Structures are given as C-alpha cells and as structure tokens.
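The values are calculated or read from the model by the stated rules, or taken from the named source; none is laboratory data. All values reported here derive from a predicted model rather than from experimental measurement. Reconstructed Cβ throughout: ideal geometry from the backbone, glycine too, with neighbour counts over all protein chains shown. These area figures cover heavy atoms from the full protein model, side chains too; ligands, DNA and RNA do not enter into them. Shrake-Rupley method; radii C 1.70, N 1.55, O 1.52, S 1.80 Å.
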Amino acid sequence: LRNFHHQLVDAVGRDIATGTYPEGEQMPTEPQLAEAYGASRMVVREAMKSLAAKGMVSIRPRTGTHVLPRAQWKRRGQR
C-alpha cells in the first residue's frame with residue numbers, strides 16, 4: 001500500500017508538472033482518479049494529501065481539488 005501510494009504521488013505529480021492537469025484547473029474527482037490510475041479511493045485520497053503538502057494542489061470541500069500555480073510548489077527538501 002505504501003509503495004503504491006508513492007507511485008501514485010509520482011504519477012499524478014508528473015501529470016500536474018507536464019500540464020495534463022493545468023495550473024488553476026479543477027482536478028478530476030476521487031472516483032475518476034481512482035479509475036484512471038487503477039487505485040482505490042483511499043490511496044487516491046492519501047496521494048492527494050501528499051500533493052497538497054507539496055503545494056501542488058489545493059483541496060477544498062464543495063469546490064474540489066485545484067492545481068496550484070507552479071510558484072507555490074515546494075521543492076524537495078523545502079519546508
């Protein structure tokens with residue numbers, strides 16, 4: 001489970017970084033991401049929390065998850 005979590009964080013993070021999910025855009029829902037990446041909703045939820053901690057996405061109730069501007073992303077080792 002832990003390894004798959006990291007793989008999903010890498011895959012979704014890469015898709016954000018390459019513009020598959022552009023800055024400012026709303027991300028697909030948890031069920032849509034789970035289906036697209038072949039993961040459970042729980043793993044998707046945890047991966048999205050990790051991406052939020054990296055400053056790549058903003059997760060808000062009712063409005064969903066949005067990709068944040070690249071300038072807000074935290075680099076590796078940055079707090």
Exercise for the section: With the condition kept exactly as written, say whether any residue in the range 39-60 is under 17 Å from residue 19 (Cβ atoms), part of a helix (DSSP H, G or I) and polar (S, T, N, Q). Expected result: no
Fill in the blank from the handout: Selection from the range 61-75 of residues out of contact with any strand residue (DSSP E or B) (no Cβ under 9 Å at 6 or more places or on another chain), closer than 18 Å to residue 22 by Cα and outside any helix (DSSP H, G or I) yields 69, 73, 74
Practice task
Give me the pairs, please: first residue somewhere in the range 1-23 and farther than 12 Å from residue 67 by Cα and touching a residue at least 12 places away in the same chain (Cβ under 8 Å), second residue anywhere and in a helix (DSSP H, G or I) and among the acidic types (Asp, Glu), beta-carbon distance under 6 Å, and either six or more positions apart or on two chains.
Solution key: 5/46
Practice task
Determine whether the range 21-44 contains at least one residue that is in contact with a strand residue (DSSP E or B) (Cβ under 9 Å, 6 or more places away or on another chain) and among the aromatic types (Phe, Trp, Tyr).
Solution key: yes
Handout entry: So residue 19, is it assigned to a loop (DSSP other than H, G, I, E, B) and modelled with pLDDT of 95 or more
Key = yes
Exercise for the section: Tell me which residues, restricted to the range 24-55, are of a type in the set (A, V, I, L, M) and open to solvent by 20 Å² or more (accessible area, probe 1.4 Å). Expected result: 36, 42, 52, 53
